[in-house]
């Protein structure tokens, strides 16, 4: 079996074009961009374990993949019909719900990983957050 590197490179180009279209046409993708930038910035700044970094990367990738699939479902439904049909609404709404579920899950992962790291940084930088007990 011979690999066709031209087709492989072209497929990466198509995927890149899809990401650009996603970012240009979907407001939520731009919101995800801001969230991604904030999480990546904190992950670089805070001392995190490699396993925590892996979980953050997975959560970010999951949200982006869900957003891309949601956009694909919406475009496909729009291609098939411009009428307001109950099944079209169900397809679009459930695809959007998938993004919401992934985003909530990613936010929980972010809080569980970044929260303790931020708290540790805060306490080391500004001392204890509550007064020491009197003995």
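The values are calculated or read from the model by the stated rules, or taken from the named source; none is laboratory data. Because the structure is a prediction, the values reported are computed rather than measured. Cβ coordinates were reconstructed from backbone atoms using ideal geometry, including for glycine residues, and neighbour counts include every protein chain displayed.
Below is a table of values for the structure above.
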quantity	calculated
In segment 1-28, the residues that are without any contact (Cβ under 8 Å) to a residue 60 or more places away in the chain and closer than 17 Å to residue 74 by Cα	18, 19, 20, 21, 22, 23, 24, 25, 26, 27
Condition check for residue 57: surrounded by 12 or more Cβ atoms within 10 Å (Cβ to Cβ) and either farther than 24 Å from residue 118 by Cβ or under 19 Å from the mean Cα position of the chain (by Cα) (or both)	yes
Out of 40, 63, 31, sole residue that is part of a helix (DSSP H, G or I), closer than 24 Å to residue 121 by Cα and either out of contact with any strand residue (DSSP E or B) (no Cβ under 8 Å at 6 or more places or on another chain) or in contact (Cβ under 8 Å) with a residue 12 or more places away in the chain (or both)	40
Candidates 72, 10 - the one that is more than 30 Å from residue 125 (Cβ to Cβ) and at pLDDT below 95	10
Count of segment 1-15 residues which are part of a helix (DSSP H, G or I) and over 15 Å from residue 65 (Cβ atoms)	10
